[in-house]
Amino acid sequence: MERIGIEEDLRVAIVGAGGFGRVALDVLLASGSEQWVLGFYDDAHSVLADKVRGFPVLGDIGMLKSMLSVETVHVIVAITDNEARLRIANSIRALAGQFITAIHPQAYVSEVAVVGDGTVVAAGAVVHPDAVVGSHCYVGPGAVIDRDAEVGAGAWVSAGAVVGSGAKIGARATLGNNACVGRKATVAANAKLEALGHVAEGGSV
């Protein structure tokens, strides 16, 4: 699993100061990264509180992009909408922006799993050996990505959801709370599996 090395001059910005942004911040704080967090950027900054848990809301995404042209900042795009999250992340990547992967210390990620940049893995989540989680995903608390499973870029795996061994979750797909995707089953790109939904072994949706 690739992790961003901790450097003295590392600085982290969170795009999105809503609920997902607060979760991303919480994971960073639990990981001991408080001193590297600059704050939040959000296009709705003018109607938001000035601070979130003591960290400033600094401006809109355009301001962050302008800063990236002259300074190195690692970014987490914490926007709930999968399509918007991936679109904004790709626009930042096109400016040579860099991303940080946030993994809660109470999550388990196998050393031979791969978690893409910009992804947030919440407390209690499990990513088993040889699983692959793409960039800019969310893996919620108690979610399980079993061995050899693949989760596409920008996907959202809600709390308690299970992705069975060898299953494939398409880009920008959403798994609701406690959804279950059976062994070698497939969830198509952009598909939504509702809370408690089930895809049988080898099935597809």
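The values are calculated or read from the model by the stated rules, or taken from the named source; none is laboratory data. Note that this is a predicted model, so its numbers are computed, not measured. Using ideal geometry, Cβ is built from the backbone for each residue, glycine included, and neighbour counts are taken over all protein chains shown.
Tabulated values for the structure
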read-out	value
Checking ILE103 against (1) within 22 Å of VAL163 (Cβ to Cβ); (2) of a type in the set (Val, Ile, Thr); (3) at pLDDT below 95, the condition it does not meet	(3)
Filter result for ALA171 (crowded, with 21+ Cβ neighbours inside 10 Å, within 20 Å of the chain's Cα centre (by Cα) and either part of a loop (DSSP other than H, G, I, E, B) or on the phi < 0 side of the Ramachandran plot (or both))	no
All strands (runs of 3 or more DSSP E) inside the range 23-77 with 3 or more residues being within 19 Å of GLY118 (Cβ to Cβ), basic (Lys, Arg) and touching a Cys at 6+ places or on another chain (Cβ under 9 Å)	none
Cβ-Cβ under 9 Å pairs, at least 6 apart or on other chains, the range 32-43 side acidic (Asp, Glu), far side at pLDDT 95 or above and surrounded by fewer than 17 Cβ atoms within 10 Å (Cβ to Cβ)	ASP42/GLY18; ASP42/ASP60; ASP43/ASP60; ASP43/GLY62
Scope the range 23-69; condition among the basic types (Lys, Arg) and surrounded by 16 or more Cβ atoms within 10 Å (Cβ to Cβ); matching residues	LYS65
Output for the range 51-84, where each listed residue is within 17 Å of LEU28 (Cβ to Cβ) and under 18 Å from the mean Cα position of the chain (by Cα)	VAL73, HIS74, VAL75, ILE76, VAL77, ALA78, ILE79
Residue list for the range 53-62, filter: farther than 20 Å from ILE103 by Cα and free of Cβ contacts under 8 Å to residues at least 40 places away in the same chain	GLY54, PRO56, GLY59, ASP60, GLY62
Among residues of the range 130-168, those that are free of Cβ contacts under 8 Å to residues at least 60 places away in the same chain and not in a strand (DSSP E or B), counted	23
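The rows are residues; the columns are (1) modelled with pLDDT under 95; (2) buried (at least 20 other Cβ atoms within 10 Å of the Cβ); (3) within 17 Å of the chain's Cα centre (by Cα); (4) among the β-branched types (Val, Ile, Thr).
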| site | (1), (2), (3), (4) |
| --- | --- |
| VAL127 | no, yes, yes, yes |
| HIS136 | no, yes, yes, no |
| GLY160 | no, yes, yes, no |
| ASN178 | no, no, no, no |
| VAL181 | no, yes, no, yes |
| ALA185 | no, yes, no, no |
| ALA188 | no, no, no, no |
| GLU194 | no, no, no, no |
| ALA200 | no, no, no, no |
